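First up is the structure itself, then whatever we jot down about it.
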Amino acid sequence: MSYGYQAIFIYLVCSILFVLALLLLAKLLRPSMPSPVKQEAYECGIRAVSTARGRYTVRFYIIAILFVIFDVETVFLYPWAVRFQQLGWFGVAEIAVFLLILIAGYVWAYKKGALEWV
């Protein structure tokens with residue numbers, strides 16, 4: 001084993017030992033007084049009515065994915081707005097095409113019924 005790899009190995013072992021020592025020290029020093037209230041899933045003051053393994057409709061996930069996709073796409077408007085003066089009419093045409101594609105996606109999702117809750 002060459003000298004360079006030995007140094008990396010020693011650094012890795014020291015890092016792991018340091019983390020384990022800190023975790024052990026924290027376990028020994030922290031106060032530990034478990035109670036039924038602290039053992040509940042959420043400490044928000046409301047008792048859990050059912051398990052957290054409930055089923056959700058697929059519609060919820062579709063709306064969430066659509067939100068993320070369209071939200072990320074609108075983030076691309078910021079760099080365009082920063083360079084608006086320098087891009088000129090070419091930049092306006094580019095953003096018009098971008099927004100047309102975005103609006104077409106919204107219209108498609110609306111026609112498919114992906115934005116309806118009921």
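The values are calculated or read from the model by the stated rules, or taken from the named source; none is laboratory data. Keep in mind it's a predicted model, so treat the numbers as computed, not measured. Methodologically, a virtual Cβ is constructed for each residue, glycine included, from the backbone with ideal geometry; neighbour enumeration extends over all protein chains shown.
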- Message: Against the condition under 22 Å from residue 111 (Cβ atoms), in the same structural domain as residue 114 (by TED's automatic domain parsing) and more than 28 Å from the chain's Cα centre (by Cα), how does residue 92 come out, does it pass?
- Response: no
- Message: Looking at the stretch 57-77, I want the residues that are not assigned by TED's automatic domain parsing to the domain that holds residue 108 and have a partner that is hydrophobic (A, V, I, L, M, F, W, C) and assigned to a loop (DSSP other than H, G, I, E, B) with Cβ atoms under 9 Å, at least 6 apart or on another chain. Which pairs are those?
- Response: none
